[in-house]
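Structure first, commentary second.
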Amino acid sequence: MTDQEIIGLINTSLAEEFELSSDSMKPEALIFDDLELDSLDIVDMVVVLENAFQFKIREDDSIQKIRALGDIHDFVINKKKELNN
Amino acid sequence: MKYDFVVIGAGVSGLSTAIILAQNGYHVALVEKAKKPAPLIRGFTRKGVYFDSGFHYTGSLGDGEILDALFQYLGLSDRLEKVPFDPDGFDLIRCQEEGFELRFPYGYERIRERLLEAFPLESSAINEYLQTVKDTFNSFPYLNLNPDFLDSGAPKGLHGPSLKDFLDRLTTNAALKWVLSVHCLLHGVPPEEVPLAFHACIAGSYYESVHGIKGGGRSLTKAYESQLEKLDVDVYCGQGVSEIIFSPDTSPAGIRLQDGKTLNCRGCISTVHPIELLNLVPTSAFRPAFRKRLFQLEETISAYILYIASRAVPEMLIRNNLVMTSDWNLTGLWENNPLNSRPLYVCGSLPEDSKVTKSGLIGIVPASRNDTEPWSQSISGKRPLEYYQFKEKIAFKLRQHMERSIPELAGNIEHAECATSLTLRDFTHNPFGSMYGVKHKIGQYNPLPLTKAKNLYLAGQAIVAPGIMGAIISAFLVCGFIIGHKQLLKQIQKYR
């Protein structure tokens with residue numbers, strides 16, 4: 001998967017599962033403030049990403065640092081690279 | 001009339017939730033689909049013999065221990081007579097093919113001594129295991145009443161390591177690993193899947209102390225019922241909820257019963273299986289992500305249960321239960337093995353009346369719900385002949401399995417009756433007929449007490465843990481979100 005394909009899959013999965021408009025799926029969009037998700041949604045988000053990419057996230061430290069959609073893109077891209085190595 | 005809260009489901013979680021809220025001044029209704037509250041722990045009587053179907057013993061009920069404090073808070077203690085199991089061995093654990101047997105005592109010091117006697121070269125593994133279980137147990141909110149533990153690393157610990165990984169690190173001794181994993185049968189999640197932290201919270205309670213109650217689950221049910229009456233909780237039985245009605249601001253405004261009657265409220269606590277909850281709310285109540293997550297939750301094993309009326313209580317089952325496996329390996333809990341090589345758990349009942357000489361014994365082996373799939377659409381009492389023939393065959397094999405394991409039973413059995421996953425499904429209203437509801441396994445995200453819908457809360461074994469203790473803790477946890485955790489913990493501290 002290319003980085004662009006990964007970003008595309010993240011955006012469509014999250015938009016569909018959280019009923020968000022695709023226009024709002026910009027890398028700078030803040031998860032809490034712009035996408036209006038809250039702490040209860042975070043676990044659902046983890047499960048959506050696990051299902052979309054078939055890996056387990058569990059307690060990855062870098063997930064704690066996620067603030068914006070772009071951070072999710074980077075997180076998944078790095079995770080994929082880690083798993084491929 | 002408008003209630004503050006409607007509690008859906010009158011199992012131990014729902015009964016406890018209703019009492020806590022009522023004691024805090026809320027006007028509460030409790031709704032139960034079965035004809036009477038607590039269909040599982042109430043037990044049943046056949047031909048004059050009482051079977052304690054849901055309450056086999058409990059941990060941490062000793063004076064000053066956590067469940068004792070919670071029972072007192074709930075106003076149940078004065079109506080119950082605790083019966084301590086044998087401190088020197090509450091479970092006889094036996095590994096058949098290895099010819100190994102150990103009486104598992106309670107009290108950390110006794111456990112340590114017993115394990116050291118059996119495994120003299122394993123002191124560091126034994127000490128580290130016991131210390132870890134004790135520390136983990138004591139760091140969970142509501143098992144520990146100190147509010148500082150509210151934000152402890154509970155959810156973190158629930159992601160690993162597994163019990164198996166932890167034990168593999170401690171020792172290579174297969175027998176010791178088996179001894180420390182055999183109580184997985186009490187929560188239904190095998191050692192390779194169960195988080196050590198979760199196992200510690202269940203097993204740890206039995207390590208403190210083990211008690212039964214005189215009259216068993218029926219006495220406990222009666223104590224709950226008296227308390228509900230005293231607190232003016234309105235109990236609606238024999239009617240399931242068909243719908244949770246939402247107000248425009250997406251919080252519950254009431255519930256509709258199956259007969260069409262509505263109860264108005266400003267909040268709801270659902271203690272039913274999370275999948276069942278989805279049938280009660282409009283699709284718009286939750287986003288697809290949450291709905292899918294609930295649908296994906298993996299279920300614990302189901303079981304075959306044999307209810308035996310015995311003319312005498314076998315000596316080995318007096319204040320002591322039997323846990324038996326075929327060999328050291330507990331992977332997957334063997335639900336698909338031949339029946340006579342599956343783990344077997346046997347317990348008796350503690351009659352209310354000491355003149356009762358006949359004993360209701362219960363034998364349980366893990367089973368897959370797929371076994372009864374061909375008859376899953378049929379209705380209880382009207383199932384096809386093949387199902388009853390199948391059940392007879394299972395009952396026969398299970399009886400043989402039990403007679404071989406407890407020679408005293410031979411010649412004493414008056415009658416025996418078998419339950420399958422379909423029986424469990426219809427009695428407990430668990431859609432899958434599993435023994436302990438949703439699994440608590442590594443990598444699975446069980447739902448929390450709070451939901452995205454305002455004033456709609458969740459409690460029950462899927463949220464915290466199975467068993468009397470898990471159900472009661474889930475009730476306190478959910479009420480903590482309503483009343484305020486610090487305030488609720490402070491109220492409970494008076495009883496400790």
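The values are calculated or read from the model by the stated rules, or taken from the named source; none is laboratory data. If you're wondering where the values come from, they're calculated on a predicted model, not measured in any experiment. No Cβ is skipped: glycine too gets one built from the backbone with ideal geometry, and neighbour counts run over all protein chains shown.
Summary of values
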quantity: Candidates B:Lys441, B:Lys454, filtered to the one that is more than 25 Å from B:Ser242 (Cβ to Cβ) and within 14 Å of chain A (Cβ to nearest Cβ); calculated: B:Lys441
quantity: Residue in the stretch B:295-314 that is over 21 Å from the mean Cα position of the chain (by Cα), within 14 Å of another protein chain (Cβ to nearest Cβ) and farther than 22 Å from B:Pro190 by Cβ present; calculated: yes
quantity: Test: A:Glu17 is more than 11 Å from chain B (Cβ to nearest Cβ) and out of contact with any Cys (no Cβ under 6 Å at 6 or more places or on another chain); calculated: no
quantity: Residue within the stretch B:58-66 that is within 19 Å of B:Leu489 (Cβ to Cβ) and among the β-branched types (Val, Ile, Thr) present; calculated: yes
quantity: Residue within the stretch A:52-68 that is over 19 Å from B:Arg291 (Cβ atoms), away from chain B (no Cβ under 14 Å) and β-branched (Val, Ile, Thr) present; calculated: yes
quantity: Odd one out for A:Leu30, checked against (1) surrounded by 12 or more Cβ atoms within 10 Å (Cβ to Cβ); (2) within 14 Å of chain B (Cβ to nearest Cβ); calculated: (2)
quantity: Residue check for B:Val210: touching an Asp or Glu at 6+ places or on another chain (Cβ under 9 Å), more than 14 Å from every other protein chain (Cβ to nearest Cβ) and closer than 21 Å to B:Lys33 by Cα; calculated: no
quantity: Residues located in the stretch B:181-196, provided they are of a type outside the set (Gly, Ala, Ser) and touching a Pro at 6+ places or on another chain (Cβ under 9 Å); calculated: B:Val182, B:Cys184, B:Leu185, B:Leu186, B:His187, B:Val189, B:Pro195, B:Leu196
quantity: Boolean, B:Gly254 is more than 30 Å from B:Ile364 (Cβ to Cβ) and surrounded by fewer than 17 Cβ atoms within 10 Å (Cβ to Cβ); calculated: no
quantity: Subset tally (residues that are farther than 19 Å from B:Thr325 by Cα and either within 14 Å of chain A (Cβ to nearest Cβ) or without any contact (Cβ under 8 Å) to a residue 12 or more places away in the chain (or both)) for the stretch B:397-424; calculated: 2
quantity: Exclusive hit being in contact (Cβ under 8 Å) with a residue 60 or more places away in the chain, in contact with a Cys (Cβ under 8 Å, 6 or more places away or on another chain), outside any helix (DSSP H, G or I) and outside the structural domain of B:Leu163 (by TED's automatic domain parsing), set B:Ile394, B:Ile362; calculated: B:Ile362
quantity: Any hit, the stretch B:66-85, residues being among the charged types (D, E, K, R) and over 30 Å from B:Asp232 (Cβ atoms); calculated: no
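Residue-wise test of (1) in contact (Cβ under 8 Å) with a residue 24 or more places away in the chain; (2) assigned to a loop (DSSP other than H, G, I, E, B); (3) within 25 Å of B:Arg42 (Cα to Cα).
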site	(1), (2), (3)
B:Ala175	yes, no, no
B:Pro190	yes, yes, no
B:Tyr206	yes, no, yes
B:His211	yes, no, yes
